[in-house]
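The values are calculated or read from the model by the stated rules, or taken from the named source; none is laboratory data. Since we're looking at a predicted model, the values are computed, not measured. Backbone-built Cβ (ideal geometry, glycine too); neighbour counts: all protein chains shown. Remember, those area values only see protein heavy atoms, side chains included, never the ligands or the DNA or RNA. Shrake-Rupley method; radii C 1.70, N 1.55, O 1.52, S 1.80 Å.
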Amino acid sequence: MLRGLEWLAAQGHLTLQVEGDEVQLTPGGDPDPEAAALLAGQLRDLLEETGAYRSYFRRAPDPLS
């Protein structure tokens, strides 16, 4: 979740402040195209990994059966 918010901030859609467990979002911000490109790649990798994980568990046998 945080990576997606970081990408939105790098796009200039919002400002993100994280302190410990607290996250504060405010509309708008300054775009950072280089950071956005890097974060887009990281976000894509995370989404692919999540998809693979979900796909495996849909097909995996139920260990409690």
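Things worth noting here:
- Dividing the helix sum by the residues of the chain, where each DSSP H run of 4 or more adds -39500 (n - 2.57), gives a mean residue ellipticity at 222 nm of -19500 deg cm²/dmol.
- Annotation: per residue accessible area for the chain equals 84 Å², rounded to a whole number [probe 1.4 Å, protein chains only].
- Segment Leu5-Tyr56, extension gain: residue separation times 0.36 nm, minus the distance between their alpha carbons: 15.7 nm
- About its Cα centre, the dipole of the chain is roughly 480 debye, where the only charges are +1 on Lys and Arg Cβ and -1 on Asp and Glu Cβ.
- Share of alpha-carbon pairs per 5 Å distance bin for the chain, given as whole %: 4, 17, 19, 16, 14, 10, 8, 6, 4, 2, 0
- Take each peptide in 23-36, 46-59, count the other Cβ atoms within 10 Å of every residue, and average; sorted highest first, the result is 23-36, 46-59.
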